[in-house]
Amino acid sequence: MIVHSPEDQDSYVSIRNVEFFNVGKAGKKGSYPIHLMGNSYMKNSVIEYNSIHQSFNRGIGLNGVKDVSVVNNVLYDITGHAIFLETGSEIGNTITDNFVFVT
């Protein structure tokens with residue numbers, strides 16, 4: 001799932017209670033189960049209570065987005081990084097209380 005916000009425009013996304021299984025394309029940049037990208041504020045946006053397992057390419061990627069909460073997710077059997085900030089320009093994000101194992 002790729003969520004791309006318009007350049008420099010505030011956006012909102014809510015991804016809750018979803019199971020992602022057998023996802024992600026190995027070796028393909030940007031092909032992650034959850035991939036938020038853009039150069040915008042996503043105030044009050046949440047990725048929470050999701051299950052991501054058997055991912056062939058990472059888990060949750062934040063690329064340039066700001067003010068996203070990644071909370072209470074379970075990530076299991078992930079190839080590569082489970083939760084990551086891609087460019088270093090991401091600010092104000094909250095990543096707490098996630099359970100990550102077998103990466």
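Any read-out appearing in this document is the output of simple, stated calculations on the displayed coordinates, not a laboratory observation. Just so you know, these numbers come straight off a predicted model, no measurement behind them. Ideal geometry is used to build each Cβ from the backbone, glycine not excepted, and the neighbour counts take in all protein chains shown.
When the chain is treated as a GNM, springs tying every alpha-carbon pair under 10 Å, which of Gly38, Gly80, Gly88 comes out with the largest mean-square fluctuation?
Gly88
Cα centroids of the range 9-73 and the range 78-103: how far apart, whole angstrom?
Distance between centres, Cα-based: 9 Å.
Hey, what do the phi angles of the range 22-35 turn into as Karplus ³J(HN,Hα) couplings, whole Hz, using 6.51/-1.76/1.60 and θ = phi - 60°, x for Gly and Pro?
6, 10, x, 9, 4, x, 9, 4, x, 9, 10, x, 10, 9
Before anything else, pin down the relative contact order of the range 2-101: Cα pairs under 8 Å, at least 6 apart, normalised by residue count, whole percent.
Once divided by the residue count of the range 2-101, the mean separation gives 26 percent.
Got a sec? How would Lys28, Lys66 order by Cβ neighbour count within 10 Å, fewest to most?
In increasing order of surrounding Cβ atoms, one gets Lys28, Lys66.
What size of dipole, in debye to the nearest 20, comes out for the chain about its Cα centre when the only charges are +1 on Lys and Arg C-beta atoms and -1 on Asp and Glu C-beta atoms?
280
Can you give the local net charge around Met42? Use residues other than it whose beta-carbon is closer than 14 angstrom to its beta-carbon, Lys and Arg +1, Asp and Glu -1.
Combined, the nearby Lys, Arg, Asp and Glu give -4.
When Ile34, Ile15, Ile91 are ordered from fewest to most other Cβ atoms inside 10 Å of their Cβ, what list results?
Working: Ile34 26, Ile15 21, Ile91 11.
Sorted ascending by nearby Cβ count, the order is Ile91, Ile15, Ile34.
So what J values fall out for the range 37-43 if you push phi through Karplus, 6.51 cos²θ - 1.76 cosθ + 1.60 with θ = phi - 60°, rounded to Hz, Gly and Pro as x?
Once θ is set to phi - 60°, the couplings for the range 37-43 become 9, x, 10, 9, 7, 10, 3 Hz.
Among all the aspartates and glutamates, which ones have a C-alpha under 15 Å from Lys66's C-alpha, if same-chain residues fewer than 8 places away are not counted?
Lys66 reaches Glu7, Asp8, Asp10, Glu86, Glu90.
Are there chymotrypsin sites (Phe, Trp or Tyr not before Pro) in the range 15-103 that DSSP puts in a loop and that have at most 13 other Cβ atoms within 10 Å, and which ones?
Tyr49
Tell me whether the chain comes out rounded, prolate or oblate; compute the Cα gyration tensor, take square roots of the eigenvalues as a ≥ b ≥ c, and use a/c under 1.5 as the rounded threshold. Don't skip to the answer; put the middle values down first.
Values: a/c = 1.84, a/b = 1.43, b/c = 1.29.
It comes out prolate by the Cα gyration axes.
Pick from Asn93, Asn63, Asn17: which residue has the top mean-square fluctuation in a GNM of the chain where Cα pairs under 10 Å get a spring?
Among Asn93, Asn63, Asn17, the largest mean-square fluctuation in the Gaussian network model of the chain belongs to Asn17.
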